[in-house]
Amino acid sequence: MTDMTSNPPQRSRAGRPRSAEYHVYFFCIFFVAIPFATLRWMRDVIRHRTLNLRGPLARAWLEADRVTPMIFSV
């Protein structure tokens with residue numbers, strides 16, 4: 001029997017490598033999402049009265065990371 005606990009097999013990277021076209025779309029969506037993410041962040045700061053929230057750049061990055069694969073899945 002093989003003991004896999006001490007030396008597990010390496011996992012391969014899931015998915016396809018990202019192309020230059022993917023990165024272009026990603027950054028276009030990212031830059032468009034920044035103003036909207038900033039407005040949502042300011043609204044949440046006022047509503048929750050704390051700065052302990054995900055910032056506008058992180059929110060825009062997540063939005064671009066959500067939308068770009070949808071474009072390429074078609």
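Every number here is computed from the coordinates shown, using simple stated rules; none is lab data. These numbers were taken from a predicted model, which means no experiment stands behind them. FYI the Cβ positions are ideal-geometry reconstructions off the backbone, even for glycines, and counts take in every protein chain you see.
How big is region 26-72 along each principal axis, measuring the range of its Cα positions in Å and listing the largest first?
Reported extents, whole Å, longest axis first: 38, 14, 12.
Given 0.36 nm per residue, what is the gain on full extension from Ala58 to Phe27 after removing their alpha carbon distance, in nm?
Stretched out fully, the Ala58 to Phe27 stretch lengthens by 9.8 nm.
Tally Lys and Arg at +1 and Asp and Glu at -1 over the other residues with C-beta under 9 Å from the C-beta of Ala33: what net charge comes out?
Net of charged neighbours comes to 0.
Taking 25 Å as R0, compute the FRET efficiency from the Cβ-Cβ separation of Thr38 and Arg18 and round it to 0.05.
With a Förster radius of 25 Å, E is 0.45.
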